[in-house]
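First up is the structure itself, then whatever we jot down about it.
What follows draws every value from the coordinates through simple rules; no lab data is involved. Note that the structure is a prediction, hence the values are computed from the model and not measured. Every residue, glycine as well, gets a Cβ built from its backbone with ideal geometry; the counts of neighbours run over all protein chains shown.
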Amino acid sequence: MGMNDRVLAGGVFNMVHPGHIHFLEKAKSLGGYLVVVVAADSRVARRKRLLRTAGERAKLLRELPFVDKVVIGDDRDMSAVVAKEKPDIVALGYDQDIEEVKGILRKAHSAAKIVRIQQLKGYSTKKLTGEEI
């Protein structure tokens, strides 16, 4: 993990809070370039209440000084973003499914290393709102 490494981190980011900031700052510290993937609206709507469109969520994340690039995920083929962005490292949040990510990396023919970022205690969207958004 060095300053030339390209790091990819993804999520819904429905309601950006200190836990997300912690996650993205830690992800950035793993390499020199941070690409954030915002989940597509159709993917979010199947599992959670959508508060903002992917475009709105992406615009907000682009304002963070440590985020180098923001892309919206491809709901039909989640490996497409990995294949295009070619990360050296994939940063996972505390609640993200590592087996799902391993499958996406295999499909994208990526040898990216997976690094789990620990949760900032007390901060999760569900804990802050009482619901899964």
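Working from label points 7 Å from Cα in the Cα-to-Cβ sense, the Thr53 to Ala80 distance is 1.8 nm.
With the cut-off at 23 Å, tell me which of the pairs Lys86/Lys113; Lys26/Lys48; Lys26/Lys69; Lys86/Lys121; Lys86/Lys107; Lys28/Lys84 have Cα atoms farther apart than that. Pairs exceeding 23 Å: Lys26/Lys48; Lys86/Lys121.
Assuming R0 = 25 Å, what is the FRET efficiency of Glu100 and Lys121, from their Cβ-Cβ distance, to the nearest 0.05? The formula returns an efficiency of 0.50 here. Each Lys or Arg adds one and each Asp or Glu takes one away; over the other residues whose Cβ falls under 11 Å from the Cβ of Thr53, this sums to +1.
Here, the chain is characterised by an Rg to Rh ratio of 0.93, where Rg is the alpha-carbon radius of gyration and Rh the Kirkwood radius. Amide H to amide H distances under 5 Å link Lys113 with Ile89, Val90, where only residues 5 or more positions off or on other chains count and H is placed in the peptide plane. Taking 7 Å steps out from each Cα toward its Cβ at Glu63 and Met15 produces label points 1.7 nm apart.
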